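See structure below.
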Amino acid sequence: MYDARILLTLVVRENRMMRFCVVGCIAVVLWAPSGLFAQQAVQLPALKQEAAAEVDKLQTLTQQMVDEIFSFSELGFQEYETSRYATGILEKNGFRVEHGVAGIPTAWLATYGSGKPVVAFITDIDCIPRASQKPGVAYHDPIVDGAPGHGEGHNSGMAVNVTAALVLKKLIDEHHIAGTIRIIPGVAEELLGTKAFYVRAGLFKDVDLVLGAHVESEFSTSYGTGNGEWSGLVSVQYSFHGKAAHAAAAPWEGRSALDAVELMDTGWDFRREHLRPAQRSHRVIVNGGDQPNVVPSEAAVWYYFRELDYPHIKELYDLGNTMADSAAKMTGTTVDHKLVGSAWPPFLNKVIAETQQKNIETVGMPQWSEADQTLAKALQKEIGAKVEGLKIKIEPLAEPVKKPAGGGSDDIGDISWNVPMVYLMYPANIPNLPGHSWANGVAMATPIAHKGSTAGAKVQAMTALDFFLQPQLVQQAWDYFRNVQTKEVHYETFLGPEDKPAIEMNKEKMEKFALQLKKYYYDPAHGTYLEQLGIQYPTVRTKP
Ligand SMILES: [Zn+2]
């Protein structure tokens, strides 16, 4: 099933001035499996080394991508600048780009190469509301007060994947490697808003494996349910419709949509005691009416229902719907349910994880400078976290926990149940931070994020090469996927036939800040973003 026309040539660079190559031309036509493996045993380490060296050469571009996307600060479904920028780089470098995939304007698919295996890179691109923060400053100091910001660090992921993809493109061309590289953005991950739709649109139908990458403070990968800190979820917005009336003069004429929201919330909180301890559910009231003397005719509440597996998530979802319908009945209002997002708990592939772990060990942790450590410690102190600076050791590959406890969610879960996948955690942020806050943005346009992204890009490129050149590994990954992971559990989508991506989400919030944020867009002509903003690195409190 794999292209046996892989012609591998050993490229030797002896002279820095004159690049000449193909010295020991060992262009072997690889038909016999034994010849294939024997040949690759020699070739693969050299190719991986070359990939790492090429990633190093692209460090400036990686830094620019990290900084540029940080400065765009775009919320889920509104990642227009980010997508335009990333696809621009890829198109300029010969990638074929399909825009607006799965009915999502900011989603796209970039492809290079041909034939099998098809290796897809995926990483998130959206940011967090109210998380605007000056990089390199170890206390809360927004760039634009109240604006969105990369308080999750998603600005670094595309730098990791695009850098790795550009390097792979070069190697594919130079060494005539068969295989296809594909890049997909994780649009609206914070809303768990797109991956189930990607799956439904068939984006992974011909994909052999998926290498996801996510910012972390550590360098690690995992398989199965990993450390068990994943939940799946359904995110639903309930919009109640009542009848407006003068709240003092004729309240009996009105029907309050806000009453329905409050009754639903109260009902849910009473019921919470009788749910499994594994459930995690939370809500925000997105519309509570306009002013007290008008009976609110419109009100809306947005719930995340999290549990450990499909049947239990579905149960919570059904219960939420029952509560909403009952609250509507009690108040004489009506209600619409809108699914905003959904996610299966991720389950990651052991074969790919073991392969990736070796590359993490080869690449090793970035070399942190004293300034990097000073920033990390000052921020940890500032927020009252354990002060231990940046991590200096890689994490070993751990056995998955037997009993997952649950935690956050990521809609890559849906992909992981459709195609063998791993999730690389690359070390581009500071440990012990609260997540989803300004604090998580502090390091994200500094040398910490730049170096961590370079390290992540090396592992992405090297792992892709492992699978490009060892077709038996692709087979093994699928064996694990079919015979272990999906032996008893089969993917079913949470999406109903009428559900559509919530592409209108965050439009108003983004428009409110667009002009102000634009003033601070990164321009590489000024050096790094820190230099452009005139920020001393690191900036820490001088007085306690
Ligand atoms: Zn994330």
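The values are calculated or read from the model by the stated rules, or taken from the named source; none is laboratory data. Because the structure is a prediction, the values reported are computed rather than measured. Note: ideal-geometry Cβ built from the backbone for every residue, glycine included; neighbour counts use all protein chains shown. Ligands, DNA and RNA are stripped out before the accessible areas are found, and what is left, the full protein with its side chains, is counted by its heavy atoms. Shrake-Rupley method; radii C 1.70, N 1.55, O 1.52, S 1.80 Å.
Overview of results
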quantity	calculated
Contact order normalised by residue count of the chain, Cα under 8 Å, 6+ apart, percent	23
Nearest-20 debye value, region 296-346 charge dipole, Cβ charges on Lys, Arg, Asp, Glu	60
Cα→Cβ-extended label distance, 7 Å offset, between residue 99 and residue 531, nm	3.1
Antiparallel DSSP beta bridges within the chain, as percent of all bridges there, nearest 5	65
Surface accessible to a 1.4 Å probe, per residue, for the residues of region 306-417, Å²	46
Charge dipole (the chain, unit charges on Cβ, about Cα centre) - positive-most of 489, 221, 369	369
Per-residue SASA entry for residue 490, accessible area with 1.4 Å probe, Å² rounded to 10	120
Backbone N within region 266-298 under 18 Å of label point (7 Å from residue 247 Cα along the Cβ vector)	285-298
Computed label-point distance, nm, for sites residue 483 and residue 387 using a 7 Å Cα→Cβ extension	5.4
Binned Cα-Cα distances of region 70-218, short to long, each 5 Å bin given as a whole percent	2, 10, 18, 21, 19, 13, 8, 5, 2, 1, 0
Dipole magnitude of the chain, debye to nearest 20 (Cβ charges: Lys/Arg +1, Asp/Glu -1, about Cα centre)	860
Taking all pairs of distinct alpha-carbon atoms in region 193-296, Kirkwood radius in angstrom	18.6
Calculated [θ] (222 nm, deg cm²/dmol) that DSSP helices of n ≥ 4 give over the chain, each run adding -39,500 (n - 2.57)	-11500 deg cm²/dmol
Portion, in percent, of the accessible area of the chain that falls on carbon or sulfur, probe 1.4 Å	54
Sites residue 504 and residue 298, calculated FRET efficiency, Cβ-Cβ separation with R0 22 Å, nearest 0.05	0.85
Cα centroid of region 48-64 to Cα centroid of region 283-324, whole Å	47
Low-density loop cleavage sites - trypsin sites (Lys or Arg not before Pro) in region 363-430, where at most 10 other Cβ are within 10 Å (DSSP)	386, 393, 402
Pairwise centroid distance, computed over Cα atoms, of region 346-408 with region 488-535, Å	25
Whole-number percent relative contact order across region 389-544, with pairs defined as alpha carbons under 8 Å at least 6 apart	20
Cα-based Rg of the chain normalised by 2.2 N^0.38 Å, two decimals	1.03
Two-decimal log10 I(q)/I(0) for region 37-151, as the Debye equation yields it once each C-alpha is a single scatterer, q = 0.13, 0.24 Å⁻¹	-0.70, -1.37
Sparse-neighbourhood loop sites, trypsin sites (Lys or Arg not before Pro) in region 285-349 - DSSP loop, at most 14 other Cβ within 10 angstrom	none
Cα convex hull of region 388-493 - mean projected area over all directions, nm²	9.1
Among the listed pairs 92/507; 381/458; 116/350, those beyond 26 Å (Cα-Cα)	92/507; 381/458
GluC sites (Glu not before Pro) within region 326-376: DSSP coil, no more than 15 neighbouring Cβ in 10 Å	none
Candidate aspartates and glutamates for bridging to residue 134, where Cα separation is under 13 Å - those fewer than 8 sequence places away on the same chain excluded	67, 145, 531
Mean accessible surface per residue for region 421-467, computed with a 1.4 Å probe while every protein chain stays in place, in Å²	14
Where chymotrypsin sites (Phe, Trp or Tyr not before Pro) in DSSP loops with at most 11 other Cβ within 10 Å are excluded, longest remaining stretch of the chain	32-544
Of every Cα-Cα pair in region 129-207, the percent that sits beyond 22 Å	50
